[in-house]
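First up is the structure itself, then whatever we jot down about it.
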Amino acid sequence: MKIVIASGKGGTGKTTVATNLAFLLAREGLRVAYVDCDVEEPNGHLFLQPVIEREWPIEKPVPVVESQRCTQCGRCSKACRFGAIISLPQRTVVFPELCHACGGCQLACPAGAISEKGRRVGTVRAGYAGTIQFLGGELDIGQPMSPPVIRALKETPLEADLVFLDAPPGTSCPVVETLRGADMALLVTEPTPFGLYDLQLAIRLVRALSIPAAVIVNRVVKDGEPFLQWRQRLKQLPVPVWAEIPESRAIAEAYSSGTIIAQNVPEFARELQPVMHKLKASIDEGTCRHQW
Amino acid sequence: MKELVVISGKGGTGKTSLTAALAVLSSPCVVTDCDVDAPDLHLVLQPQTIQQQPFVGGRKACIITSTCRKCGKCVELCRFGAIRHKKGDAECEEGGFLIDALACEGCGVCVDHCPERAIELRPNVNGQWYLSRFHGGYLFHATLDVGSENSGKLVTQLRRAAHEFATKRGVPLILTDGPPGIGCPVIASLTGASLALIVTEPTVAGLHDFERIARLCRQLGVPAVTVINKADINPETSDRIANSSIRYGTDVIGMIPFDSDIVRAQMAARSVVEVSDGPAARAMRAIHSTVMSRLEKALDVHSGEFITIDVTQIDNVKSKGVTT
């Protein structure tokens, strides 16, 4: 089963939830994998401290023009909707950063002058953190497009009953790429207006992709009218709330130093228990109960 | 005219809270919310919209079912798996073909190679952008439809509109709230800015992500300074960030202590400097005056200057000489 941990808003605790659930469920003997799809700012390795066994570059196929064959007919530039290949009177220029690797220019070239060559955009690392299978992607700095790296991560075979995919923040193409094909999404939010607004965007996205979802509220301070009002608004949203993790200095300190919180703060592990039960039940049933 | 871009790498470090405070303190100014994926600034600035415009971010393929002979050529050629054709796919007619709009990148390969010319590229409205007024000035903000592409393009469009507007009105300062990450919308937010303000937090993740965004600023040639939020929750890691920022030439110009007034202000839909005189608000005021003096020495931005550079053409920016 593939579970995406997403949020809309950044910094709500996606990585915290993903790494700790992976840790707790692996400790119970499940075959668990953790995949860091936040390839722009990957952080999962800081907490899981995996031993990396394999590392390989991710390449995006970009066109290469053989100048002897090129007749400067301009059909490639006409075919490219991204302005990534431009036919000038003397030569044809390729802009790899703009290329979406669709293969359109190659198909359009009547002279057979265009071939493709891999161009490095990032790295994938694979290894183990205890019994947890670890897979992490990292986008090279200056590269604008992360989906090819995320795609590479998702194409890497894993042997696990439960795969946690740690998503990037936001709601646009990198998040869509992470969510595609997932069995369920756990949406992590925080009890603030920003958290709620961005959660609503995330809910709209998972709904558009027909992926069942549940919410985990992080950093909850239960007393006080503002929180109760906030929770009232949360309850109007069409998703079940699976956990409310309290704000705590012990949790914040364990996080800031890069440890697995559940290992050091028992109350945190306790808060995640209901989520674990529900996930295990979903595995047994082979499906997720919540449907849109 | 100067432009300050508030950026962070890691999400949730306090970009928007700090931007809102700077916006109120810098009045009159033009503010741009470039976190178009998850925009939150309007929740604090409570603006009134003056103008709204659709954002056309590229095109999407569309199959004309009456002409389609179901040959399957498009499925074979599409590299994005954007053509659905499975039998039993409820939304596809029996044996029919359908474009998955969330997967389609608008490359047009299917359009160009369909033997029946049964596919078209149609302009795709995938967001709205707004010009609004708030009590400290004007806000340019946008909403991108969920699951959309081209967030970088929308960011560029927003910044362009803000630059033109600020130039016309003679407003000397543009404040830009950037998105998290280091990818396309971040590059689009940073390119050509006078100064970047990196907001980070003293956690291992904050430090790791700080280094990546600092390197991106350097690569793009945008000078940067650093602010550590919640600096007191882990002084040791704050020191490590400070050391690291010396290495990257993005010195720490302020530290904001942990202060529950920040969340309280957000709950009240106000900027923290308007409702509090606590440690965080005081730190933000000090950061404001330091940033303003740094901006005086920074380069001006000119309306339209960065626009000729496509957001994703970093190679070209570096090598110069190539324009689109």
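Only residues that are within 22 Å of residue B:31 (Cβ to Cβ) and either at pLDDT below 95 or over 18 Å from the mean Cα position of the chain (by Cα) (or both): list them for region B:191-219, please.
Of region B:191-219, the ones within 22 Å of residue B:31 (Cβ to Cβ) are B:191-200, B:213, B:217.
Correct list: B:191, B:192.
Any residue at all in region B:91-114 that's more than 10 Å from chain A (Cβ to nearest Cβ), farther than 27 Å from residue A:210 by Cβ and acidic (Asp, Glu)? Steps first, please.
Pass one, region B:91-114, residues more than 10 Å from chain A (Cβ to nearest Cβ): B:91-99, B:104, B:114.
Imposing the further condition that a residue be farther than 27 Å from residue A:210 by Cβ reduces the set to B:114.
Filter once more, keeping what is acidic (Asp, Glu): none.
No: region B:91-114 contains no residue that is more than 10 Å from chain A (Cβ to nearest Cβ), farther than 27 Å from residue A:210 by Cβ and acidic (Asp, Glu).
Which of the residues that make up region B:218-230 are buried (at least 18 other Cβ atoms within 10 Å of the Cβ), within 11 Å of chain A (Cβ to nearest Cβ) and either free of Cβ contacts under 8 Å to residues at least 40 places away in the same chain or not in a helix (DSSP H, G or I) (or both)? Show your work before the answer.
Within region B:218-230, the first condition is being buried (at least 18 other Cβ atoms within 10 Å of the Cβ), and the residues that meet it are B:220, B:222, B:224-230.
This time we only want the ones that are within 11 Å of chain A (Cβ to nearest Cβ), so: B:220, B:229-230.
Within region B:218-230, B:229, B:230 meet the criteria.
Filter region A:198-247 for residues that are charged (D, E, K, R) and over 17 Å from residue A:11 (Cα atoms) and give the result. Steps first, answer last, please.
To start, the set of residues in region A:198-247 that are charged (D, E, K, R) comprises A:198, A:204, A:207, A:219, A:222-223, A:225, A:231, A:233, A:235, A:244, A:247.
A:204, A:207, A:222, A:223, A:225, A:231, A:233, A:235, listed by residue number.
Could you tell me how many of the residues in region A:186-212 are more than 9 Å from chain B (Cβ to nearest Cβ), among the hydrophobic types (A, V, I, L, M, F, W, C) and farther than 16 Å from residue A:234 by Cβ?
Here the count works out to 1.
Within region A:43-61, is there a residue that is part of a loop (DSSP other than H, G, I, E, B) and away from chain B (no Cβ under 14 Å)? Reasoning before the result, please.
So in region A:43-61, the residues part of a loop (DSSP other than H, G, I, E, B) come out as A:43, A:49-50.
Narrowing further to those that are away from chain B (no Cβ under 14 Å): A:50.
Scanning region A:43-61 turns up at least one residue that is part of a loop (DSSP other than H, G, I, E, B) and away from chain B (no Cβ under 14 Å).
Can you say whether residue A:122 is touching a His at 6+ places or on another chain (Cβ under 7 Å), surrounded by 21 or more Cβ atoms within 10 Å (Cβ to Cβ) and either under 24 Å from residue B:181 (Cβ atoms) or in contact (Cβ under 8 Å) with a residue 40 or more places away in the chain (or both), as far as the supplied structure shows? Spell out the reasoning first.
Details: touching a His at 6+ places or on another chain (Cβ under 7 Å): no; surrounded by 21 or more Cβ atoms within 10 Å (Cβ to Cβ): yes; either under 24 Å from residue B:181 (Cβ atoms) or in contact (Cβ under 8 Å) with a residue 40 or more places away in the chain (or both): yes.
No: the conditions fail for residue A:122.
Please tell me if residue A:123 is at pLDDT 95 or above and within 16 Å of the chain's Cα centre (by Cα).
yes
Given the conditions (1) buried (at least 24 other Cβ atoms within 10 Å of the Cβ); (2) facing chain A (nearest Cβ under 9 Å); (3) not β-branched (Val, Ile, Thr), which single one is not true for residue B:212?
With (1) buried (at least 24 other Cβ atoms within 10 Å of the Cβ); (2) facing chain A (nearest Cβ under 9 Å); (3) not β-branched (Val, Ile, Thr) applied to residue B:212, the lone miss is (1).
Could you tell me whether any residue of region A:92-108 is more than 11 Å from every other protein chain (Cβ to nearest Cβ), in a loop (DSSP other than H, G, I, E, B) and either buried (at least 19 other Cβ atoms within 10 Å of the Cβ) or more than 37 Å from the chain's Cα centre (by Cα) (or both)?
Looking only at region A:92-108, we keep the residues that are more than 11 Å from every other protein chain (Cβ to nearest Cβ), and these are A:92.
Those left that are additionally in a loop (DSSP other than H, G, I, E, B): none.
No, every residue in region A:92-108 fails to be more than 11 Å from every other protein chain (Cβ to nearest Cβ), in a loop (DSSP other than H, G, I, E, B) and either buried (at least 19 other Cβ atoms within 10 Å of the Cβ) or more than 37 Å from the chain's Cα centre (by Cα) (or both).
Being farther than 23 Å from residue A:40 by Cα, more than 9 Å from chain A (Cβ to nearest Cβ) and among the polar types (S, T, N, Q) narrows it down to one residue among B:276, B:238; which is it? Steps first, answer last, please.
Values: B:238 fails: farther than 23 Å from residue A:40 by Cα.
Checking each option against the conditions leaves just B:276.
Can you find even one residue in region B:136-156 that is within 8 Å of another protein chain (Cβ to nearest Cβ) and without any contact (Cβ under 8 Å) to a residue 24 or more places away in the chain?
There is at least one residue in region B:136-156 that is within 8 Å of another protein chain (Cβ to nearest Cβ) and without any contact (Cβ under 8 Å) to a residue 24 or more places away in the chain.
Within region B:102-208, which strands (runs of 3 or more DSSP E) (wholly inside it) include 2 or more residues that are charged (D, E, K, R) and within 29 Å of residue B:247 (Cα to Cα)? I'd like the intermediate steps shown before the answer.
Working: elements: B:119-134, B:137-144, B:173-177, B:195-200.
Of the strands (runs of 3 or more DSSP E) lying wholly inside region B:102-208, none has at least 2 residues that are charged (D, E, K, R) and within 29 Å of residue B:247 (Cα to Cα).
The values are calculated or read from the model by the stated rules, or taken from the named source; none is laboratory data. It should be emphasised that the depicted structure is a prediction, and the values quoted were computed from it without experimental measurement. No Cβ is skipped: glycine too gets one built from the backbone with ideal geometry, and neighbour counts run over all protein chains shown.
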